[in-house]
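Since the structure comes first, as structure tokens, the remarks are kept for the end.
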Amino acid sequence: MSRLLARMLFVCGYGDVGKGSADALKQAGAHLIVNEIDPKCALQDNGDHFDKEIAMHDLENYPGVKRITVKPQIHRWIFPETNTSMTKSAEDI
């Protein structure tokens, strides 16, 4: 287990197997990146893990950020420096 300390690992999917794997790897000291390709499932599965609010005003005014509508009330925000993104659901209209 000590071989996992400070290792960056990527878990694909956050269903039952992904959750179990992520929990075990985290307990072993690994740093994790977890990915779920279905935005709706990702938000449902991870809803209890969010402990920070997003300052939407700052996000909307971030220089060069792009907002893409994935489906109604689900948007992907792409950041220009890294071309990475975040997905947000249920925005106020």
Total charge dipole magnitude, the stretch 53-93, about the Cα centre, Cβ charges on Lys, Arg, Asp, Glu only, Debye to nearest 20: 280 debye
Inter-site label distance for ASP23 and MET8 at 7 Å from Cα along Cβ, in nm: 2.7 nm
Fully extended contour minus Cα-Cα distance, from HIS31 to MET56, at 0.36 nm per residue: 6.3 nm
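Here, each number is a calculation from the coordinates, and none is a lab measurement. Remember, it's a predicted structure, so these values are computed and weren't measured experimentally. Ideal geometry is used to build each Cβ from the backbone, glycine not excepted, and the neighbour counts take in all protein chains shown.
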